Amino acid sequence: MNESQQTGTLPASKNLGKLCAGISADAPAVWQTLRLEASKVAAAEPTLRHLVDDVILSRDTVAAALGARLARRLAREDMPREAMEPLLTGVFEAQPLIVHSAIRDMQAMFDRDPACFSLLEPLLFFKGFLALTTYRVSHALWQDQRRWFALYLQSIASEAFAVDIHPAASIGCGILLDHATSFVVGETAIIEDNVSILHEVTLGGTGKQGGARHPIIRSGVLLGAGAKILGRVEIGTGAKVGAGSVVLTDVPPHTTVAGVPAVVVGESSEENPAIEMNQHLDCRSAI
């Protein structure tokens, strides 16, 4: 009996695609920007001075800031902040790729969300960013065979952010998780780099079968609010899924699907819908 059978868990799919490929995050430059913005917040809004001092101004690195912010949000009676923060910060410091991923997520939110006016805003306030970053820690713990604690982080992140991402799922960088409420990702799901996802999206299975049973979302995809992608289906590069759609079959690259069940209604008008965030369905005919 192998380890997966013994623990009742499954490893993530090996079909990982483009995960955190390409541009490297400039952590020192981002850190200087965050500190400058935090200083402005402290001066302009004294009621938030303690928060920005604790999370940013009293810290030396992005890793330490991420650890402090998540510890403030995730600490519980059974895991108080004084225990939570060193663990989180230790993971960030030991695994620079997680910090790199978080910075690229932060940048994606700043670039694509017109309501986001600074890099600091996701770190302080956006639960989509905080939930993704918590997932990244739990994923590292899962890969390090610390699966019980990874599941614990998944559980409290679900309580804190109303987002439920299994630690074994594979998620790339540059992810915009907008609003985030009720976002669900199953154990064997794969999300490549540079994907934009709105609230109430589900990447789920279709029954009790084991193995690779959750969706693959390729780079550049835009998933509209409330979309449900079910089973081991693949959403092709640069595709667009309309709000409220239920997708049960593969979606070709650069196409737009909508409906229940979803059908192809046109071609994506943008090369990269995730970047453009255009919610129009590009219909070539009525659904």
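Can you tell me which of ALA169, ALA212, ALA162 is closer than 19 Å to LEU248 by Cβ and either of a type in the set (Gly, Ala, Ser) or outside the structural domain of LEU97 (by TED's automatic domain parsing) (or both)?
It is ALA212.
Quick one: in region 254-287, which of the residues that are at pLDDT 95 or above and at positive phi is surrounded by the fewest Cβ atoms within 10 Å (Cβ to Cβ)?
So, considering only residues that are at pLDDT 95 or above and at positive phi, the one surrounded by the fewest Cβ atoms within 10 Å (Cβ to Cβ) is GLY259.
Considering only residues of region 235-246 that are hydrophobic (A, V, I, L, M, F, W, C) and free of Cβ contacts under 8 Å to residues at least 24 places away in the same chain, which is farthest from GLY204 (Cα to Cα)?
VAL241
Since THR7 meets every condition but one in (1) at pLDDT below 95; (2) surrounded by 13 or more Cβ atoms within 10 Å (Cβ to Cβ), which condition does it not meet?
(2)
ALA25 fails exactly one of the following numbered conditions: (1) within 30 Å of PHE149 (Cβ to Cβ); (2) in a helix (DSSP H, G or I); (3) of a type outside the set (D, E, K, R). What is the number of that condition?
So ALA25 meets the others, but not (2).
Return the pair list, or none, for Cβ contacts closer than 8 Å from residues in region 267-287 that are closer than 16 Å to GLY236 by Cα to residues that are modelled with pLDDT under 80 and in a loop (DSSP other than H, G, I, E, B), at least 6 apart or on different chains.
Cβ pairs passing all conditions: GLU267/ASP282; GLU267/ARG284; SER268/ASP282; SER269/ASP282.
May I ask you to say which residue of VAL241, VAL251, VAL247, VAL221 is in contact with a Leu (Cβ under 6 Å, 6 or more places away or on another chain) and buried (at least 23 other Cβ atoms within 10 Å of the Cβ)?
Answer to the selection: VAL241.
Identify all residues within region 118-155 that are outside any helix (DSSP H, G or I) and either out of contact with any helix residue (DSSP H, G or I) (no Cβ under 8 Å at 6 or more places or on another chain) or not hydroxyl-bearing (Ser, Thr, Tyr) (or both); write none if there are none.
LEU119, PHE126, ASP144, GLN145, ARG146 - these are the residues of region 118-155 that are outside any helix (DSSP H, G or I) and either out of contact with any helix residue (DSSP H, G or I) (no Cβ under 8 Å at 6 or more places or on another chain) or not hydroxyl-bearing (Ser, Thr, Tyr) (or both).
What number of residues within region 64-86 are in contact with a Leu (Cβ under 9 Å, 6 or more places away or on another chain) and either surrounded by fewer than 22 Cβ atoms within 10 Å (Cβ to Cβ) or of a type in the set (A, V, I, L, M, F, W, C) (or both)?
12
Conditions tested, residue by residue: (1) aliphatic (A, V, I, L, M); (2) under 14 Å from VAL30 (Cα atoms); (3) assigned by TED's automatic domain parsing to the domain that holds ILE56.
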{"residue": "GLU77", "(1), (2), (3)": "no, no, yes"}
{"residue": "PRO80", "(1), (2), (3)": "no, no, yes"}
{"residue": "ALA83", "(1), (2), (3)": "yes, no, yes"}
{"residue": "GLU93", "(1), (2), (3)": "no, no, yes"}
{"residue": "ARG104", "(1), (2), (3)": "no, yes, yes"}
{"residue": "PHE110", "(1), (2), (3)": "no, yes, yes"}
{"residue": "ALA115", "(1), (2), (3)": "yes, no, yes"}
{"residue": "GLU121", "(1), (2), (3)": "no, yes, yes"}
{"residue": "LYS127", "(1), (2), (3)": "no, no, yes"}
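Being of a type in the set (S, T, N, Q) and within 14 Å of the chain's Cα centre (by Cα) narrows it down to one of ASN194, ASN278, so name that one.
After applying the criteria, what remains is ASN194.
Determine whether region 69-88 contains at least one residue that is without any contact (Cβ under 8 Å) to a residue 40 or more places away in the chain, closer than 25 Å to ILE191 by Cα and either assigned to a helix (DSSP H, G or I) or among the charged types (D, E, K, R) (or both).
No, region 69-88 has no match at all.
Among the residues of region 172-200, what is the count of those that are closer than 23 Å to CYS116 by Cβ and in contact with a Leu (Cβ under 7 Å, 6 or more places away or on another chain)?
Residues in region 172-200 being closer than 23 Å to CYS116 by Cβ and in contact with a Leu (Cβ under 7 Å, 6 or more places away or on another chain): 12 in total.
Looking at region 182-211 only, could you name the residues that are surrounded by fewer than 20 Cβ atoms within 10 Å (Cβ to Cβ) and in contact (Cβ under 8 Å) with a residue 40 or more places away in the chain?
Listed by number, the residues that qualify are THR206, GLY210, GLY211.
Suppose we filter SER58, SER101 for residues that are among the polar types (S, T, N, Q) and crowded, with 20+ Cβ neighbours inside 10 Å; which single one remains?
SER101
The values are calculated or read from the model by the stated rules, or taken from the named source; none is laboratory data. Predicted model only: the values in this text are computed from it and were never measured. As a convention, Cβ positions derive from the backbone with ideal geometry for all residues, glycine included, and neighbour counts pool all protein chains shown.
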